[in-house]
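> Sharing a structure with you now.
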Amino acid sequence: MSARPTISAVLITLDEQQNVRELLPRLDWVDEIVLVDGGSRDATVEVARAHGCRVAARPFDCFADQRNTALSLATGDWVFSIDADERPTPSLVEEIRWQVARTRSSGFRVPIRSTILGRPLRRSGTQDDAPVRLARRAAARWHGRVHEVLRVEGRVGRLNRWLTHRTQSDLNEFLIKMHRYTSLDAWARVEAGRPPRRSDPWLAPAREIFRRLIYKHGWVDGPAGWGFCLLSGWYEYVLADKHRRFWKEQYANRA
């Protein structure tokens with residue numbers, strides 16, 4: 001009889017003390033937990049070590065490199081990638097353990113159900129997201145400086161159960177994340193040699209609001225959903241503005 005496949009939970013963190021404290025007990029079904037920290041100023045690292053995690057400190061440069069570092073430290077046959085503000089449901093845990101023992105697939109997409117700004121948004125949020133989060137360790141690698149994806153060699157299936165995701169609990173958290181992500185995304189565009197377009201500050205926000213509010217039927221989510229749609233448009237405006245400013249700075253440095 002063959003041995004049971006082992007599973008490593010892998011995550012990256014930056015000032016996630018409370019989330020890590022809540023998440024780690026929910027990962028007691030995996031064989032190891034690998035955590036790569038980008039320089040937390042709170043007790044994230046101490047909490048992780050007290051829980052028995054394999055912890056590595058690595059100054060943050062981009063999301064894919066952080067996650068690939070965690071991947072390289074894992075020893076399990078399978079890796080389950082999870083963010084600190086996500087939680088596996090009991091039914092997802094059962095499905096993962098059942099699949100890794102029987103499947104011939106190399107990876108699986110995992111649906112995510114998010115609570116955004118304190119509300120579960122049915123249409124305007126991330127309810128359609130199902131990124132690859134479970135994969136055979138030897139067949140997986142992360143790609144992308146921002147909005148990174150886990151690419152897998154081989155067949156990729158989809159699980160039926162889901163992760164819960166509690167994100168951007170209030171406006172302040174949204175603004176903090178917006179500042180960080182738009183800066184990273186804007187620099188990634190500059191480094192890729194992608195010039196800004198004059199229309200971006202106007203068309204990109206309008207397109208994003210239309211996509212969430214009308215195309216995805218976000219209007220059914222009520223005031224919370226409408227607010228999130230507008231904030232998503234604002235995100236695109238800030239991103240376009242930073243892209244323009246960073247491009248000018250890079251061009252001036254080369255001149």
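The values are calculated or read from the model by the stated rules, or taken from the named source; none is laboratory data. Quantities reported herein were computed from a predicted structural model and do not represent experimental measurements. Because the Cβ atoms are built from the backbone with ideal geometry, glycine has one as well, and the counts that use them run over all protein chains shown.
> Please enumerate the residues belonging to segment 5-22 that are under 13 Å from residue 34 (Cα atoms) and not in a strand (DSSP E or B).
Listed by number, the list holds a single entry, 20.
> Here's another thing I want to ask about it. Could you tell me which numbered condition residue 108 fails, if it satisfies all but one of (1) touching a strand residue (DSSP E or B) at 6+ places or on another chain (Cβ under 6 Å); (2) under 30 Å from residue 172 (Cβ atoms)?
With respect to (1) touching a strand residue (DSSP E or B) at 6+ places or on another chain (Cβ under 6 Å); (2) under 30 Å from residue 172 (Cβ atoms), residue 108 is out only on (2).
> Considering each of 54, 58, 4 in turn, give the residue that is free of Cβ contacts under 8 Å to residues at least 60 places away in the same chain and more than 19 Å from the chain's Cα centre (by Cα).
Result of the check over 54, 58, 4: 54.
> Out of 240, 206, which single residue is in contact (Cβ under 8 Å) with a residue 12 or more places away in the chain, more than 20 Å from residue 119 (Cα to Cα) and exposed (fewer than 15 other Cβ atoms within 10 Å of the Cβ)?
Within the list 240, 206, the selection yields 206.
> Given the condition outside any helix (DSSP H, G or I), farther than 21 Å from residue 85 by Cα and not assigned by TED's automatic domain parsing to the domain that holds residue 61, answer yes or no: does some residue in segment 175-189 qualify?
No, because not a single residue in segment 175-189 is outside any helix (DSSP H, G or I), farther than 21 Å from residue 85 by Cα and not assigned by TED's automatic domain parsing to the domain that holds residue 61.
> Does residue 169 fit the bill of being part of a strand (DSSP E or B), of a type in the set (Ser, Thr, Tyr), within 28 Å of residue 10 (Cβ to Cβ) and at pLDDT below 90?
no
> Still on this model: Can you pull out the residues in segment 213-236 that are farther than 18 Å from residue 175 by Cβ and crowded, with 18+ Cβ neighbours inside 10 Å?
Within segment 213-236, 213, 216, 218, 221, 225 meet the criteria.
> Listed residues 13, 75; which is touching a Ser or Thr at 6+ places or on another chain (Cβ under 7 Å), surrounded by 19 or more Cβ atoms within 10 Å (Cβ to Cβ) and either among the polar types (S, T, N, Q) or at positive phi (or both)?
Every option except 13 fails the conditions.
> For segment 139-159, give me each residue that is more than 17 Å from residue 87 (Cβ to Cβ), assigned to a loop (DSSP other than H, G, I, E, B) and either β-branched (Val, Ile, Thr) or modelled with pLDDT of 90 or more (or both).
Listed by number, the residues that qualify are 146, 148, 153, 154, 155.
> Whether any residue in segment 49-68 is touching a Pro at 6+ places or on another chain (Cβ under 9 Å), part of a loop (DSSP other than H, G, I, E, B) and either hydrophobic (A, V, I, L, M, F, W, C) or assigned by TED's automatic domain parsing to the domain that holds residue 87 (or both) is what I want to check.
yes
> Another one. Residue by residue through segment 93-123, note down the ones that are within 19 Å of the chain's Cα centre (by Cα), part of a loop (DSSP other than H, G, I, E, B) and of a type in the set (Val, Ile, Thr).
Scanning segment 93-123 gives a single hit, 110.
> Can you name every residue in segment 209-237 that is of a type in the set (Lys, Arg) and either in contact with a strand residue (DSSP E or B) (Cβ under 7 Å, 6 or more places away or on another chain) or free of Cβ contacts under 8 Å to residues at least 40 places away in the same chain (or both)?
The answer is 211, and nothing else.
> A follow-up question, please. Can you tell me which residue is farthest from residue 7 (Cα to Cα) among those in segment 64-81 that are in contact with a helix residue (DSSP H, G or I) (Cβ under 9 Å, 6 or more places away or on another chain) and of a type in the set (Val, Ile, Thr)?
75
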